[in-house]
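The values are calculated or read from the model by the stated rules, or taken from the named source; none is laboratory data. Predicted model, so just to flag it, every value in this text is computed and none were measured. When we count neighbours, we look across all protein chains shown, and the Cβ atoms used for this are built from the backbone with ideal geometry, even at glycine.
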Amino acid sequence: MRVLGIETSCDETGVALYDSEQGLLGDALYSQVKMHAEYGGVVPELASRDHIRKLLPLIREVLAQANTDLQSLDAIAYTAGPGLIGALMVGASTGRALALGLGIPALGVHHMEGHLLAPMLEENPPAFPFVALLVSGGHTQLVEVQGIGQYQLLGESLDDAAGEAFDKAAKMLGLDYPGGPLIARLAQTGDRTRFRFPRPMTDRPGLDFSFSGLKTFTLNTANQHRDAQGQIEAQTMADIAAAFEDAVVDTLAIKCRRALQQTGLKRLIIAGGVSANLRLRERLEEAVQKEKGQLFYARPKFCTDNGAMIAYAGCQRLMAGQMDDLTILAKPRWPM
Ligand code: KG4
Ligand code: ZN
């Protein structure tokens, strides 16, 4: 089975071709990050327009990489949600229309299911069942995964997502959007012992998260160290970034370990943009080893939004006999 995957839920246009026998045959990504950086966040209308400009050229590029054409496809998978409605509509209507023209099925894939399955694209993929930590700009969830489509929510953020917290903390420090990778880079030169930020909700049982308090903590700490011009000295910036990163990472690690203990499972996968964070990977590796378990994640370019995860998820759904009717599916809010 060969499936073309289309991702346009936010600010990256992603396309990929996945074959159930041969694996990933091609993938291409266009990031709008530079365009939105000027505004300090994603501007939905600009995102939709840019997806329209980039999507068909990227589809052509992926087919060329794979040395094949549209006729070789068995289905088209597109991200149906959650995400920005205009941006989703571009991928959904293009995918649905191409499928209709080719006389093949179309599948509307859940963006977070795509993220969750991304580690399956790597060389030693995890076997089911496992615990998944989904950490992106819009979601922070712990999920028990028994198989494709068998997902049970164990816990989630009650306010900001982990990625969102990174982005907001970065903004407070005067860094660009998206701030996650920038905080991570700054933190490398930070003194991790100078400030200690709280580990929210770790002192009580349960697997839910709350990250909005860390934002306030970051702002207060930053404000205490501004000079007369409102500037923060470079080393202090790095120290705050390190304290913030450690607080988020420790909190996630504590809850992941708890989720493994609670479910009795030994495999943990991490997915979504924040799973590219090296400190998080390090700390989770330690946590999982204490539980005599194993940690899995995707290569960095498949942690953030991409077409490969949508092609892969669509292919699994197709092989399970699922396909959608002629509806163009686009759901800005959609529980997994
Ligand atoms: O999964 P993703 O690409 O898009 C969504 O579905 O939201 O995740 C983007 C998020 C952003 O908040 C970004 O700041 C964060 O992932 N991120 C990181 C890192 N790389 C991306 N956060 C912390 N450390 C990183 N290295
Ligand atoms: Zn995402």
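Within region 151-162, the only residue that satisfies the criterion of being surrounded by fewer than 17 Cβ atoms within 10 Å (Cβ to Cβ) and either at pLDDT below 95 or within 16 Å of ligand 2 (Cβ to nearest atom) (or both) is GLU156.
Residues checked against (1) part of a strand (DSSP E or B); (2) buried (at least 23 other Cβ atoms within 10 Å of the Cβ):
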position: LEU134; (1), (2): yes, yes
position: LEU142; (1), (2): yes, yes
position: ALA165; (1), (2): no, yes
position: LEU175; (1), (2): no, no
position: ARG194; (1), (2): no, no
position: GLN229; (1), (2): no, no
position: ALA242; (1), (2): no, yes
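Just one of the listed residues (ARG226, ARG199, ARG204) is modelled with pLDDT under 95 and at negative phi, and it is ARG204.
The set of residues from region 8-36 being more than 13 Å from ligand 1 (Cβ to nearest atom), of a type in the set (Gly, Ala, Ser) and not in a loop (DSSP other than H, G, I, E, B) comprises ALA16, GLY23, GLY26, ALA28. Evaluate region 59-66: report whether one residue or more is within 16 Å of ligand 2 (Cβ to nearest atom) and crowded, with 20+ Cβ neighbours inside 10 Å. There is no residue in region 59-66 that is within 16 Å of ligand 2 (Cβ to nearest atom) and crowded, with 20+ Cβ neighbours inside 10 Å. Of all residues in region 271-308, those satisfying the criterion of being of a type in the set (A, V, I, L, M), surrounded by 18 or more Cβ atoms within 10 Å (Cβ to Cβ) and more than 13 Å from ligand 2 (Cβ to nearest atom) are LEU280, LEU284, ALA287, VAL288, LEU295. Beta carbons closer than 9 Å, at least 6 apart along the sequence or on distinct chains, pair a first residue in region 254-270 that is at negative phi with a second that is in a helix (DSSP H, G or I) and of a type in the set (Ser, Thr, Tyr) for ILE269/SER275. Within region 105-127, not a single residue is outside any loop (DSSP other than H, G, I, E, B), away from ligand 2 (no atom under 14 Å from the Cβ) and either out of contact with any Phe, Trp or Tyr (no Cβ under 8 Å at 6 or more places or on another chain) or of a type in the set (Ser, Thr, Tyr) (or both). Taking into account only those residues within region 101-112 that are under 17 Å from PRO335 (Cβ atoms) and surrounded by 24 or more Cβ atoms within 10 Å (Cβ to Cβ), which is nearest to ligand 1 (Cβ to nearest atom)? Per the stated criteria, the residue is HIS111.
The residues of region 117-165 that are touching a strand residue (DSSP E or B) at 6+ places or on another chain (Cβ under 7 Å), among the polar types (S, T, N, Q) and within 14 Å of ligand 1 (Cβ to nearest atom), listed by number, are THR140, GLN141, SER157.
In region 1-58, the residue that is nearest to the chain's Cα centre (by Cα) out of those that are within 16 Å of ligand 2 (Cβ to nearest atom) and more than 22 Å from SER93 (Cβ to Cβ) is VAL33.
Tallying residues that are of a type in the set (D, E, K, R) and part of a strand (DSSP E or B) within region 145-163 yields 1.
Restricting attention to region 272-310, which residues are of a type in the set (Lys, Arg), more than 13 Å from ligand 1 (Cβ to nearest atom) and part of a helix (DSSP H, G or I)? Of everything in region 272-310, just one residue is of a type in the set (Lys, Arg), more than 13 Å from ligand 1 (Cβ to nearest atom) and part of a helix (DSSP H, G or I), namely LYS290. Please verify whether region 79-100 includes one or more residues that are of a type in the set (Val, Ile, Thr) and more than 16 Å from LEU329 (Cβ to Cβ). No, because not a single residue in region 79-100 is of a type in the set (Val, Ile, Thr) and more than 16 Å from LEU329 (Cβ to Cβ).
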